Amino acid sequence: MASADALFFIGFAVGLCFLFIFAWLFMIVGMAAIAIHRKQNVREAIQPLLDEF
């Protein structure tokens, strides 16, 4: 049973990592969409998010 618990926790950790990655990508897409809507430069709008990575 210990190996099943270990696999569960590894899967949980990997799932959280994927969740954070997809949330970060969704933020970039959202910022780009807002910049396009405001007719601003997309590169300047998403640069702070890219600098964090």
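The values are calculated or read from the model by the stated rules, or taken from the named source; none is laboratory data. Predicted model only: the values in this text are computed from it and were never measured. Neighbour counts run over all protein chains shown; Cβ positions are idealised from the backbone, glycine included. Heavy atoms of the whole protein, side chains included, go into the accessibility calculation; ligands, DNA and RNA do not. Shrake-Rupley method; radii C 1.70, N 1.55, O 1.52, S 1.80 Å.
Give the angle, between 0 and 90 degrees and rounded to the nearest 10, that separates the Cα long axis of helix 42-52 from the longest principal axis of the Cα atoms of the chain.
The two axes meet at around 40 degrees.
Out of the chain, which trypsin sites (Lys or Arg not before Pro) are coil in DSSP terms and have no more than 12 other C-beta atoms within 10 Å?
Details: sites: ARG38, LYS39, ARG43; in loops: ARG38, LYS39.
Counting only loop positions with at most 12 other Cβ atoms within 10 Å, the trypsin sites (Lys or Arg not before Pro) in the chain are ARG38, LYS39.
Tell me the carbon and sulfur percent of the accessible area for the chain, rounded to whole percent, probe radius 1.4 Å.
With neighbouring chains kept in place, the figure for the chain is 75 percent.
Give me the 1.4 Å probe accessible area per residue for the chain, excluding ligands and nucleic acids, in Å².
With the other protein chains kept in place, the chain gives 89 Å² per residue.
Please list the three semi-axes, largest first and in whole Å, of the ellipsoid equivalent to the chain, using sqrt of 5 times the eigenvalues of its alpha carbon gyration tensor.
Those come to 37, 10, 4 Å.
Hey, rough spin-label estimate for VAL29 and ALA13, points 7 angstrom out along Cα→Cβ, what's it come to in nanometres?
2.8
With axes computed from alpha carbons, what is the tilt in degrees of helix 2-37 against the longest principal axis of the chain, rounded to the nearest 10 within 0 to 90?
Tilt of helix 2-37: around 10 degrees.
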